[in-house]
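The values are calculated or read from the model by the stated rules, or taken from the named source; none is laboratory data. Predicted model, so just to flag it, every value in this text is computed and none were measured. Positions of Cβ are generated from backbone atoms using ideal geometry, with glycine treated the same way; all protein chains shown enter the neighbour counts. Note: areas computed on protein heavy atoms with side chains; ligands, DNA, RNA excluded. Shrake-Rupley method; radii C 1.70, N 1.55, O 1.52, S 1.80 Å.
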Amino acid sequence: MGMKTEDIRSIAIVAHGSAGKTSLAEALLFDAGVTTRRGSVENGNTVSDYTAEEQKRQISISTSLLNYDYKGKKVFVLDVPGYADFIGDLRSSLRVAGSAVMLVSAVDGVEVQTEKAWEFAREFETSTIFFINKMDRENADYNGVYEQIRANLTKSAYRFMLPIGSEDSFKGVVDVLKDIAYVYSDDSGKFEEQGIP
C-alpha cells in the first residue's frame, strides 16, 4: 500500500556554510528514532556527510537525501551544502522542496549564502521558516539576528519560539503559540515541558 501524496513532506535545510544544517539533520533523525545516537560533524560520523572528503573538510559537499516517518507522515530532508561553490545544489534543492528550514547562526547572523538561499526560496515560492541556531555559543545574539532577518531578508518574519537564556545559560525555548516552555534536562536534547519562566 503506497503513501498518499498529502502524507509526504519534503524539506530543504539551507543556510550559509557551518550554520549547523547537518547537525540539525542528525537531530531530526535521532528524534524520529532512525538512529540510536546523534552523529557530529567534528567526529565525522554523521549520516549525511558520509564521504571521506566531507569528513576530512567537515563540510557538506553534495546534497544528501534523508528520510524518516513522523506522526503518520513520510518526511524527506535535503541536507544542502552551504558554501558558494555548491550553489547549484542550493538552487535545485529549493526548486524541488515543498518547504525550507533556513538556519541562521545566532553568532554570525545573516551571511551571503543566507541571502542567496532567501532569493532562491522567493523565486520558487518555497515556504520557509527561519531557525536561529547556535544559541548556546559565545556571543549568541537572538534579538540582533532576528532584526537582521527582518532588515535584510523579510519584514514578514515573526517569532514563534523564543530562547530561554543564551550562551552558557541557554536552557530551552518558549513556544509562543502553545504558551509553554521546553526546558532541556541534559545535553542529550531531552526536554521537559514547563510553565513559561
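Quick notes on this one:
- The lone exception for GLY39 - which of (1) in a loop (DSSP other than H, G, I, E, B); (2) open to solvent by 20 Å² or more (accessible area, probe 1.4 Å); (3) at pLDDT below 75 it fails: (2)
- Flag for VAL183 being touching a Leu at 6+ places or on another chain (Cβ under 7 Å), outside any loop (DSSP other than H, G, I, E, B) and aliphatic (A, V, I, L, M): no
- Count of residues meeting criterion [more than 29 Å from SER166 (Cβ to Cβ), in contact with a helix residue (DSSP H, G or I) (Cβ under 8 Å, 6 or more places away or on another chain) and open to solvent by 60 Å² or more (accessible area, probe 1.4 Å)] in region 89-122: 2
- Applying a threshold of 9 Å to beta carbon distances and a minimum spacing of six or more residues, or different chains, the list of pairs starting in region 111-130 at a residue that is touching a residue at least 60 places away in the same chain (Cβ under 8 Å) and in a helix (DSSP H, G or I) and ending at one that is among the hydroxyl-bearing types (Ser, Thr, Tyr) and open to solvent by 20 Å² or more (accessible area, probe 1.4 Å) reads GLN113/TYR83; ALA117/THR128; ALA121/SER127; ALA121/THR128.
- Per the conditions (1) in a helix (DSSP H, G or I); (2) without any contact (Cβ under 8 Å) to a residue 24 or more places away in the chain, the sole criterion not satisfied by LEU162 is (1).
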